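The values are calculated or read from the model by the stated rules, or taken from the named source; none is laboratory data. In this text the structure is predicted, and so the values were computed from the model without any measurement. FYI the Cβ positions are ideal-geometry reconstructions off the backbone, even for glycines, and counts take in every protein chain you see. We work out accessible area using only protein heavy atoms, side chains counted, and drop any ligands, DNA or RNA first. Shrake-Rupley method; radii C 1.70, N 1.55, O 1.52, S 1.80 Å.
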Amino acid sequence: MSPLFVTTAAGLAIGALLIVLVPIVLRSSIVVVDAYEKKALTVLGEYRKLLEPGINVVPPFVSNTYSYDMRTQTVDVPRQEAITRDNSPVTADAVIYMKVTDAKRAFLEVDDYEGAVSNLAQTTLRAIIGDMELDDTLNRRQEINARIRQELDEPTDEWGIRIESVEVREVNPSKDVQQSMEKQTSAERRRRAMILEAQGERRSAVEAAEGDKQSEIIRAQGQKQSQILEAQGDAISTVLRARSAESMGERAVIDRGMDTLAEIGQSESTTFVMPQELTSMVGRYGTHLSGSDVAEDGDQLESLEFDEETRELIGLDDISEIIGEIDAEIESDSELDIEAEPDTDEPIEPATNTD
């Protein structure tokens, strides 16, 4: 075999080897990092640096990279069974929103940061529920969320992890407790329904009583008004009768006096004693006949009022006071304005007897 052939074969072998090794070396030495992640680089087991997004050149064959997603990630907390402080069994689960803020610490400080966060959240959830009563676990979700996040913040900061939010999804009591709660809720609803019904009946009774009261008041006012009007009518009738009697009484005295004068004129005596009242009435009677004090078309004699003794005897002044009280009460209670008939009779001065 000639040396030239051997040299040619060796060159071909080396070229073929280079053709095979170059792509392998390039593939091993070039690392592409996505925009949303970072990669930790180790060379022969030693941490070197974090690879930023883009194309990165690393030592071939002796380098290893570990990817870390820098976006917000969700971690489900499996359903946990716990006993509340008032010895009620419940089950609860949650979801955690977290984000890697330091890929180097996440690589060097913790093996599996997602598993570590999930396990820590499970134990924290059970501990917090155990410190609360059943009603609080059902009604105070925000407090549970805040306490879990507070308990996770300190250890996860050392791992380069930031807890953005914790949400408890479900807190379910046991079936026996749920049945008891349903019975309690049903009893509470029945109690409220009975209270509302009783309040409605009470209100209805109050409204009915108020209506009866108003009806009685209106009826009593009507009866009172009727009695007032009846009394007023009786009083007015009494006054009219009294005034008529006053006029008729004076006329009767005059007529009787005239008859007496006629009898005296037929007697033989020349001296007579007559009461002043009679002479006064006779004088006025004569004046009326002569037409000196009255209108020409007057056809009747106006009567004088009774003297004080006569008015007190027949009670005319009391009748006026009664009418005044009735009018005042009507104006204040029923706002009725009943005008009394004015008394137009004016007293006439008695004529002086010159005889």
* Structure fact -> Share of accessible surface on carbon and sulfur in segment 27-68, whole %, 1.4 Å probe and ligands ignored, is 52 percent
* To do: Provide, for q = 0.14, 0.17, 0.18 Å⁻¹, the log10 of I(q)/I(0) from a solvent-free Debye sum over equal Cα point scatterers in segment 71-173.
  => -0.51, -0.70, -0.77
* Asked: Mind checking the alpha-carbon convex hull of segment 27-68 and giving the volume per residue in Å³?
  -> 53 Å³
* Tally Lys/Arg at +1 and Asp/Glu at -1 over every other residue whose Cβ is under 14 Å from the Cβ of S180; what's the total? -> -3
* What length, rounded to one decimal in nm, is gained on full extension from E37 through to K175, with 0.36 nm per residue of separation minus their alpha-carbon distance? -> 45.1 nm
* Among the lysines, which have Cα under 16 Å from the Cα of K39 when same-chain residues fewer than 8 positions away are ignored? -> K49, K99, K104
* Asked: Can you tell me the accessible area per residue over segment 71-173, all protein chains present, probe 1.4 angstrom, in square angstrom?
  -> 52 Å²
* Asked: Hey, what did segment 27-68 get for relative contact order, percent, Cα under 8 Å, at least 6 apart?
  -> 49 percent
